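This report concerns only the one structure given below.
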């Protein structure tokens with residue numbers, strides 16, 4: 001996949017393209033439906049398939065106090081988009097100048113002139129241009145003038161849930177990892193690096209890895225079964241998200257206890273990906289470290305049983 005960080009990087013005579021524009025936070029199942037169809041349609045039309053996204057998320061510029069915590073921070077989102085099979089990814093730097101661009105000007109300058117779009121694929125609720133005045137019907141009108149068709153996608157529903165970034169955020173915030181996974185088409189995952197812990201894990205329980213400070217969306221406080229990818233190796237893990245109240249001073253941490261631990265190389269820059277599979281329980285303040293150790297033992301046994309069943313059903 002070719003990646004362009006601004007329109008000026010595009011070749012002057014860019015090929016005809018089939019395009020989808022959006023924030024794509026989560027790169028979830030509905031996003032993938034649009035992009036998969038767009039890629040196939042581009043092949044049929046002998047054109048390039050192009051995903052256009054923004055950095056940062058527009059709300060972070062326009063209404064920073066209302067900006068949601070992201071399902072997928074920029075680098076992780078771009079990596080997921082690069083794996084969709086599209087030919088090119090255009091990352092438009094979002095600024096107040098871009099936000100002031102009228103809808104027709106965006107369609108003309110970005111879609112028609114820069115990308116030579118012959119077809120544009122968008123969800124039913126797509127908005128664009130100054131004050132989000134453009135919608136899919138206006139885009140279709142602009143396309144008739146500028147020479148591209150518009151394909152509009154109706155909402156996708158799974159298990160009664162509309163597949164959307166906002167709905168997935170609600171599920172993650174509630175700790176509902178199973179339904180979040182179905183809407184994402186993958187486990188909800190934090191992509192980060194190791195952080196400094198306070199040593200309680202290695203001193204009292206089992207080997208642990210703490211994630212570095214993380215500004216985007218995390219699950220509801222509690223204990224989870226998941227997997228921890230460290231570099232190129234994946235471990236089974238039990239993860240605590242929360243303030244570790246048993247130790248007296250609130251100190252938020254995302255701390256993973258590795259079940260199948262063996263010595264590994266780990267630096268402050270080692271890539272770490274923590275995938276959440278199942279919520280076990282709320283975070284609890286225990287009367288003693290010994291009581292905490294006993295509960296962790298129970299959590300570990302439940303997690304081991306979970307992975308045994310998972311391996312059995314996966315063959």
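The values are calculated or read from the model by the stated rules, or taken from the named source; none is laboratory data. If you're wondering where the values come from, they're calculated on a predicted model, not measured in any experiment. Here the Cβ is made from the backbone with ideal geometry for all residues, glycine too, and neighbour counts use every protein chain on show.
Remarks
- Being part of a helix (DSSP H, G or I) and either over 26 Å from the mean Cα position of the chain (by Cα) or crowded, with 19+ Cβ neighbours inside 10 Å (or both) is a property that holds for residue 140.
- Filtering region 116-151 to residues that are touching a strand residue (DSSP E or B) at 6+ places or on another chain (Cβ under 7 Å) and over 21 Å from residue 58 (Cα atoms) leaves 116, 117, 118, 119, 140, 143, 148, 149, 150, 151.
- Of the residues making up region 274-315, those that are part of a helix (DSSP H, G or I) and touching a helix residue (DSSP H, G or I) at 6+ places or on another chain (Cβ under 7 Å) are 289, 292, 293.
- Within region 94-105, tally of residues that are surrounded by fewer than 19 Cβ atoms within 10 Å (Cβ to Cβ), touching a strand residue (DSSP E or B) at 6+ places or on another chain (Cβ under 9 Å), in a helix (DSSP H, G or I) and modelled with pLDDT of 95 or more: 1
- Test result for residue 86, assigned by TED's automatic domain parsing to the domain that holds residue 134, buried (at least 20 other Cβ atoms within 10 Å of the Cβ) and in contact with a strand residue (DSSP E or B) (Cβ under 7 Å, 6 or more places away or on another chain): yes
- Taking region 111-135 as the range and being more than 16 Å from residue 47 (Cβ to Cβ), touching a residue at least 60 places away in the same chain (Cβ under 8 Å) and in a helix (DSSP H, G or I) as the test, no residue passes.
- Condition check for residue 287 on (1) buried (at least 17 other Cβ atoms within 10 Å of the Cβ); (2) more than 20 Å from residue 220 (Cβ to Cβ); (3) modelled with pLDDT under 90: one failure, at (1).
- Residue check for residue 235: in the same structural domain as residue 211 (by TED's automatic domain parsing) and within 18 Å of residue 212 (Cβ to Cβ): yes
- The residues on offer are 190, 217, 183, and the sole one that is buried (at least 19 other Cβ atoms within 10 Å of the Cβ), at pLDDT 95 or above, part of a helix (DSSP H, G or I) and touching a helix residue (DSSP H, G or I) at 6+ places or on another chain (Cβ under 9 Å) is 183.
- Test: residue in region 8-31 that is under 17 Å from residue 94 (Cβ atoms), more than 20 Å from the chain's Cα centre (by Cα) and free of Cβ contacts under 8 Å to residues at least 40 places away in the same chain: yes
- The condition (being assigned to a loop (DSSP other than H, G, I, E, B), at negative phi and within 23 Å of the chain's Cα centre (by Cα)) is satisfied by just one residue among 227, 270: 270.
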